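Since the structure comes first, as structure tokens, the remarks are kept for the end.
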């Protein structure tokens, strides 16, 4: 089972998320890549120019379990309340790690978390989320451009 | 004159941009906030996980002209060819400054630039762009969430 998550669904879910978030924040950190588009729309919606991103990379190690590393920690200027956003909280490993790294680096800053989707089996529950995910999600930002390219190639070279 | 730039137009223009970019790159830097969504879609399309963002802030100074400062310079891991993306090259000041700062910091890396829109009066021309901008652009990432909130408030409280 797969679910295609369109731009329209994304927009509606972003709206629902803004209705749920009962907290004032002055900066947004999006976890790349999944959290980038939501961080962009939220930055515009909340009129926040301090929109940052943070990167993680997963390694497969032959001797240990798979591990994830955080890099490109943003330099948060003066924000005291920061909203950390991602598309989906799946295993929860990434969100938990990013939250822990940011909290250690900025001990006087409060971080809260929001995602569009959340799996019940995750190790961490975001402060706010919209929907439970129980199937594989094909997000529009992954599929739309590839599908458009395929469709136009098919038209040009039938 | 204003032009509403929808998600569909964005998607089509992203596709056109990918057709124009005749260069291989191994990392993407999006200029926040405008370049965030395009950096996300391009990261997925080109299967590049090294997607970074960079921030700029504009100051109004009473004694000098307005000036722009770059912050949150990304730590580029090992990429040799980096595509710098933004939504619109308007005055060109931001793109020129970001390009100069990145090139100084990473002298052995080649940076090339791409944008959806470009104004002829800009101080710098991106290596690739899709359309000339001659009117004010209302991007979907700025307008859609606000408009949805307004529409739903109107329905709930008529």
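Key figures for this structure:
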read-out	value
Residue identified as assigned to a strand (DSSP E or B) and more than 23 Å from residue A:125 (Cβ to Cβ) among A:57, A:28, A:76	A:57
Residues that are at pLDDT below 90 and either surrounded by 20 or more Cβ atoms within 10 Å (Cβ to Cβ) or under 20 Å from residue B:75 (Cα atoms) (or both), drawn from segment A:77-93	A:77
Hits in segment B:1-28 - residues which are within 10 Å of another protein chain (Cβ to nearest Cβ), buried (at least 19 other Cβ atoms within 10 Å of the Cβ) and under 20 Å from residue A:44 (Cβ atoms)	B:7, B:10, B:14
Test: residue B:63 is at pLDDT 95 or above and either at the interface with chain A (Cβ under 9 Å from one of its Cβ atoms) or surrounded by fewer than 19 Cβ atoms within 10 Å (Cβ to Cβ) (or both)	no
In segment B:31-47, residue surrounded by the most Cβ atoms within 10 Å (Cβ to Cβ) [restricted to those that are more than 8 Å from chain A (Cβ to nearest Cβ) and out of contact with any strand residue (DSSP E or B) (no Cβ under 6 Å at 6 or more places or on another chain)]	B:46
Flag for residue B:140 being touching a helix residue (DSSP H, G or I) at 6+ places or on another chain (Cβ under 6 Å), farther than 27 Å from residue B:6 by Cβ and buried (at least 17 other Cβ atoms within 10 Å of the Cβ)	no
Per-region count, segment A:94-117, residues more than 11 Å from the chain's Cα centre (by Cα), surrounded by 15 or more Cβ atoms within 10 Å (Cβ to Cβ) and not in a helix (DSSP H, G or I)	4
Sole exception among (1) within 14 Å of chain B (Cβ to nearest Cβ); (2) farther than 20 Å from residue A:33 by Cβ; (3) touching a strand residue (DSSP E or B) at 6+ places or on another chain (Cβ under 7 Å) for residue A:72, by number	(2)
The lone exception for residue A:130 - which of (1) more than 21 Å from residue A:3 (Cα to Cα); (2) touching a helix residue (DSSP H, G or I) at 6+ places or on another chain (Cβ under 9 Å); (3) away from every other protein chain (no Cβ under 13 Å) it fails	(1)
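The values are calculated or read from the model by the stated rules, or taken from the named source; none is laboratory data. Being a predicted model, the structure only gives us computed values, none of them experimental. So basically every Cβ, Gly included, is an ideal-geometry build from the backbone, and we count neighbours across all protein chains shown.
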